[in-house]
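Some notes on the structure that comes next.
What follows draws every value from the coordinates through simple rules; no lab data is involved. Values in this document were obtained by computation on a predicted structure and should not be read as measured data. Every residue, glycine among them, receives a Cβ derived from its backbone with ideal geometry; neighbour counts consider all protein chains shown.
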Amino acid sequence: MSVHAESKAVAAPIQTKILFFAALREAVSSSEMLLPQLAPMQLSSLLTLLASQSTHIAAALTDREVLTAVNQQLVNQQAWVQPGDEVALFPPVTGG
């Protein structure tokens with residue numbers, strides 16, 4: 001009779017794509033980044049995590065009003081983001 005050790009699989013993080021548009025893209029000097037995400041989280045928490053990655057990102061998110069979309073759907077910051085989702089951040093559209 002053999003004894004097998006139970007192996008516990010540890011989930012690898014899935015990359016959530018963050019897209020920056022317009023003035024936000026200029027502020028962070030990038031059009032996109034990948035953020036490892038292990039579990040679903042509210043967008044507000046994801047933005048806090050994102051801001052902790054860089055002072056440039058933190059400044060861009062706090063200095064401006066930011067509109068958000070998850071998988072090309074406009075959402076508020078209470079929306080849930082699943083690992084692997086696409087999150088877009090952009091300033092409000094203005095015009096006249």
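Among the residues of segment 9-25, the one identified as small (G, A, S), free of Cβ contacts under 8 Å to residues at least 12 places away in the same chain and over 17 Å from G84 (Cβ atoms) is A9. Per this entry, A60 is counted among residues that are in contact (Cβ under 8 Å) with a residue 24 or more places away in the chain, surrounded by 17 or more Cβ atoms within 10 Å (Cβ to Cβ) and more than 13 Å from the chain's Cα centre (by Cα).
Please go through segment 68-83 and give me each residue that is out of contact with any helix residue (DSSP H, G or I) (no Cβ under 9 Å at 6 or more places or on another chain) and surrounded by 12 or more Cβ atoms within 10 Å (Cβ to Cβ), ordered by number. Those that are out of contact with any helix residue (DSSP H, G or I) (no Cβ under 9 Å at 6 or more places or on another chain) and surrounded by 12 or more Cβ atoms within 10 Å (Cβ to Cβ): A69, N71, Q82, P83. Within segment 26-54, residues that are within 18 Å of G84 (Cα to Cα) have Cβ atoms under 9 Å from residues that are assigned to a strand (DSSP E or B) and charged (D, E, K, R) in these pairs: E32/K17; M33/K17; L34/K17; L35/K17, counting only partners at least 6 apart in sequence or on another chain.
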